[in-house]
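Notes follow the structure.
No lab work stands behind these numbers, since they all come straight from the coordinates. It should be emphasised that the depicted structure is a prediction, and the values quoted were computed from it without experimental measurement. Don't worry about glycine lacking a Cβ; one is built from the backbone with ideal geometry, like all the others, and counts go over all protein chains shown.
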Amino acid sequence: MNNLSMQEFVADTNATELAALCQEIRERACTGEFDDQAYVSQDIIDKLKKLGVYRALVPKRFGGNEWSPKQFCELIEQLSKADGSVGWVASFGMSPAYLGSLPEDTLKTLYKDSPDIVFAGGIFPPQPAEITDEGVVVRGRWKFSSGCMGADIVGVGISPQKDNEAQGLPRMAVMPANQAKVDMTWDTVGLKGTGSHDLVVENVLVSKEWTFVRGEPSKLPEPFFKYPSLSLATQVLTVVGIGVAAAALDEFKQLAPGKASITGGAEIASRPVTQYEFAQSDAEFKAARNWFYDTMDIVWTEVVAGRTPSVEQVSDMRLACTHAARVCARVARKMQMLAGMTAIYSNNVFSRFVNDTNVVTQHAFMGDATLQNAGLVSFGLKPAPGYL
């Protein structure tokens, strides 16, 4: 699989399984199942495991498939076309980019039974953690823990303290999911099915071997661990918006030829303004999507060749993400407008497309600061810490 594109994967033996799962996800999402309960059902998580979502980026020596970042994003795009919330939860199959900073012996223990490990995390704000001889004592509350309802393990941001003094950079402490409590606080206008609830931990002892500095370069030798992890964390979320916008375009193409105005006007597809607006949106979407994947190809080529990607190349990945996320939100809204009055109902599929793509743009990774930092790089200036 390492040299196959997602298109080749879809044509491979898993094509039928993927198509069937996407159809099931689409049908269940339309009933409101995931949004109403505010999490993706466990049986869907189990089917994502079986499909290989959570082993996709795990090294082969730990039983994984060792895909490239682009292959993984193409898979998440397909799942997101079925439902944005499922795509978002599946996107955290990128967890080896974080967990790869754990000691190698810890990873061997983690993956000894299966590489299909579902990870969810709440990083900010890092909470004080007491250092003991046995490890760190973790307590606190963390927001935005997407997918925590179906997680096997969770990670939380900590700021280890000794003698009331913070020691070093924020870390993540990893523990079995049953050692954390989920407080179901996630009630949003879009991507509600992601179940991005609060995690609450009360005095859990975590050994040092199960903590790592977030963003610290992994010592693992596989090329994947040389790929910029913060960029990947942004890309796997951006591609959710790409998948949802693609679904909006497809849905409108099916709707327009047969829908006429209740006032007696021509069917939507026959109106010149619709033809113009759709073509423009389609072009903007395809351009943004292609640039998004092109930046990944450029950096991955450098990594595989053993070279360090340039600052400009990495910055282009971040800029392409923000650009794509915003284009996708505009495209989804345009399709809703063109679809007419029925598309404003809360249970209409176009309303879900709009709300989901807008939530993607709200993520900090796609904020205005990205544009400012990209501008700094363009002028040869130093961007803010954490951008690259």
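Assorted remarks:
- Residues whose amide H comes within less than 5 Å of that of Ser196, counting only those at least five positions distant or on another chain, are Gly147 (H built at 1.01 Å from N in the peptide plane).
- Put simply, the amide H of Leu205, placed in the peptide plane, has neighbours under 5 Å in Val138, leaving out anything fewer than 5 places away on its chain.
- Cα shape, the stretch 149-284, gyration tensor, a/c 1.5 rule: prolate
- Spread of Cα-to-Cα distances over 5 Å intervals beginning at zero, given as percent, for the stretch 339-388: 4, 19, 18, 12, 10, 9, 9, 8, 8, 2
- By average C-beta atoms within 10 angstrom, highest first, the peptides 202-214, 322-334, 83-95: 83-95, 322-334, 202-214
- Based on Cα contacts under 8 Å between residues 6+ apart, the stretch 313-372 shows a relative contact order of 42 percent.
- Remark: spin-label model distance Ala384-Lys50 equals 4.4 nm, labels positioned 7 Å along the Cα→Cβ axis.
- The chain, relative contact order [Cα under 8 Å, separation at least 6], %: 16
- Euclidean distance of C-alpha centroids, the stretch 39-110 and the stretch 269-320, integer Å: 23
- Kirkwood-based Rg to Rh ratio, the chain, C-alpha trace: 0.98
- Packing-based ranking, highest mean first, of 340-351, 115-126 given that Cβ atoms within 10 Å are counted: 115-126, 340-351
- Dividing the mean sequence gap of close Cα pairs (under 8 Å, 6+ apart) by how many residues the stretch 135-294 holds gives a relative contact order of 20 percent.
- Residue (of Val136, Thr109, Cys73) at the positive-pole extreme of the stretch 59-144, dipole from beta-carbon charges: Cys73
- Scanning the chain for DSSP H helices at least 24 Å long along the axis (C-alpha atoms) with a Kyte-Doolittle mean no lower than 0.5 picks out 229-255.
- Restraint check, Lys181/Lys208; Lys81/Lys226; Lys49/Lys253; Lys70/Lys208; Lys50/Lys226; Lys60/Lys208, Cα-Cα greater than 23 Å: Lys81/Lys226; Lys49/Lys253; Lys70/Lys208; Lys50/Lys226; Lys60/Lys208
- Cα centroid of the stretch 362-388 to Cα centroid of the stretch 166-244, whole Å: 21
- Two-site FRET efficiency, Thr301 against Tyr345, from Cβ-Cβ distance with R₀ of 35 Å, rounded to 0.05: 0.15
- Percent of beta bridges antiparallel (DSSP, the stretch 117-213, rounded to nearest 5): 75
- Restricting the trypsin sites (Lys or Arg not before Pro) of the stretch 76-121 to loop positions (DSSP other than H, G, I, E, B) with no more than 12 neighbouring Cβ atoms within 10 Å leaves Lys112.
- Ser207 versus Lys219: modelled label distance in nm, points set 7 Å from Cα along the beta carbon direction: 1.6
- Student exercise, the chain dipole from Lys, Arg, Asp, Glu Cβ charges, in Debye to nearest 20: 540
- Using the rule -39500 (n - 2.57) for each DSSP H run of four or more residues, divided by the residues of the chain, the 222 nm mean residue ellipticity is -15000 deg cm²/dmol.
- Antiparallel bridge percentage (DSSP; both residues within the chain; nearest 5): 75
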